1. Consider only pairs whose beta carbons are under 8 Å apart and that are at least six residues apart or on different chains; among these, list those whose first residue lies in region 154-173 and is more than 24 Å from Met268 (Cβ to Cβ) and touching a residue at least 12 places away in the same chain (Cβ under 8 Å) and whose second residue is part of a helix (DSSP H, G or I) and among the hydroxyl-bearing types (Ser, Thr, Tyr).
2. What are the pairs with Cβ atoms under 7 angstrom where one residue, in region 81-98, is more than 16 Å from Met268 (Cα to Cα) and the other, located anywhere, is open to solvent by less than 30 Å² (accessible area, probe 1.4 Å) and not aliphatic (A, V, I, L, M)? Sequence gap at least six, or different chains.
3. Go through region 264-277 and give me each residue that's closer than 23 Å to Ala113 by Cβ and open to solvent by 20 Å² or more (accessible area, probe 1.4 Å).
4. Let me spell it out: the conditions are (1) surrounded by 13 or more Cβ atoms within 10 Å (Cβ to Cβ); (2) assigned to a helix (DSSP H, G or I), and Lys166 meets all of them except one. Which number is the exception?
5. Where residues in region 169-201 are part of a helix (DSSP H, G or I) and small (Gly, Ala, Ser), which of them is most open to solvent (accessible area, probe 1.4 Å)?
6. Does region 116-124 contain at least one residue that is modelled with pLDDT under 95, open to solvent by less than 30 Å² (accessible area, probe 1.4 Å) and part of a helix (DSSP H, G or I)?
7. For region 202-245: of the residues being touching a Gly at 6+ places or on another chain (Cβ under 9 Å) and part of a loop (DSSP other than H, G, I, E, B), which is surrounded by the most Cβ atoms within 10 Å (Cβ to Cβ)?
Amino acid sequence: MRETSNPVFRSLPRQQGGYAQFGAGTAQMQGYPAPGYAPYQEGRARVSRPMTIDDVVTKTGITLAVLTATAVISYVLTKLNPALGYPLALIGGLGGFALVMVAIFARKQDNPAIVLSYAALEGLLLGAFSFVLANFSVGSANAGALIGEAILGTLGVFFGMLVVYKTGAIRVTPRFTRMLVAAMIGVVVLMLGNLVLSLFHFGGGEGLGLRSAGPIGIIFSLVCIAIAAFSFLIDFDAADQMIRAGAPDRAAWGVALGLTVTLVWLYMEILRLLSYLQND
């Protein structure tokens, strides 16, 4: 199986041929009997059933519902008291990042409590982030329209890439994956460099200008949107291979987490881009 650019999917249990059925060593590590042993079918039936596309859709829908609900609450709270914007975004961002790290390194990405807690924390971040960015960029009168456009844009990219994947218009190959991973690493390095430089007031506090409303900021957001969009292709492929390989149904929570991570990033980049364009 091809590697995915999404770190949540990359940490899912693998064997030499790819994901799930979960090989002998991985199966035993996860508590499942190994496929090559007689008790395998009995243990598999007792512990779980194979994951289906319905499991992926249901778990992803639940995760996004929790994220949306907390985002609305966070937005309303920030609107009532703008001073809450920064702490809500900080708690949500740092808390969500911490849970993703726990999910990846402790291999708990199929734990529904962690996945839904991540969704709730990211909702806090998105609600506060959306209010502050939209209202400071275009004013309260047009903030709702800007956020609505960002949501529609995010959904449009997601379903558009799903169609691209299903039709095979772009093939997911090892070379494609390596290029995308390299691009993502480059973007992360640039983000961190920009943050460090901005802390030292380089460039008037804007660092390299990657998060300003100028041409550099617009280009950088477009690059991030493109990387996030193409990441969906590899994530869809990883989920598809897991279903074909007979991964346990609880692995759908890991798929939901991985897709939500990408959707959150995509939405924030689209909202940033729209805010930049409004300032031009």
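1. Close Cβ pairs (under 8 Å, with a partner that is part of a helix (DSSP H, G or I) and among the hydroxyl-bearing types (Ser, Thr, Tyr)) amount to Val172/Tyr165.
2. Correct list of pairs: Leu84/Thr78.
3. Of everything in region 264-277, just one residue is closer than 23 Å to Ala113 by Cβ and open to solvent by 20 Å² or more (accessible area, probe 1.4 Å), namely Trp265.
4. (1)
5. Of region 169-201, the ones part of a helix (DSSP H, G or I) are 174-199.
When the remaining residues are screened for being small (Gly, Ala, Ser), the result is 182-183, 186, 193, 198.
Details: Ala182: 61, Ala183: 38, Gly186: 32, Gly193: 26, Ser198: 28 Å².
Applying the filter and picking the extreme gives Ala182.
6. Here is the first cut: in region 116-124, the residues modelled with pLDDT under 95 are none.
Scanning region 116-124, I find no residue that is modelled with pLDDT under 95, open to solvent by less than 30 Å² (accessible area, probe 1.4 Å) and part of a helix (DSSP H, G or I), so the answer is no.
7. Among residues in region 202-245 that are touching a Gly at 6+ places or on another chain (Cβ under 9 Å) and part of a loop (DSSP other than H, G, I, E, B), the one surrounded by the most Cβ atoms within 10 Å (Cβ to Cβ) is Leu210.
Condition check ((1) in contact with a Pro (Cβ under 9 Å, 6 or more places away or on another chain); (2) closer than 23 Å to Leu146 by Cβ) across all residues:
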position: Gly193; (1), (2): no, no
position: His201; (1), (2): no, no
position: Gly209; (1), (2): yes, yes
position: Phe220; (1), (2): no, yes
position: Val223; (1), (2): no, yes
position: Asp235; (1), (2): no, no
position: Pro248; (1), (2): yes, no
position: Leu263; (1), (2): no, yes
position: Leu277; (1), (2): no, yes
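The values are calculated or read from the model by the stated rules, or taken from the named source; none is laboratory data. A quick note: this is a predicted structure, and the numbers were derived from the prediction, not measured. Heads up, the Cβs are rebuilt from the backbone with ideal geometry, glycines too, and the neighbour counts pull from every protein chain shown. What goes into the accessible areas is simple: the full protein's heavy atoms, side chains included, and nothing from ligands, DNA or RNA. Shrake-Rupley method; radii C 1.70, N 1.55, O 1.52, S 1.80 Å.
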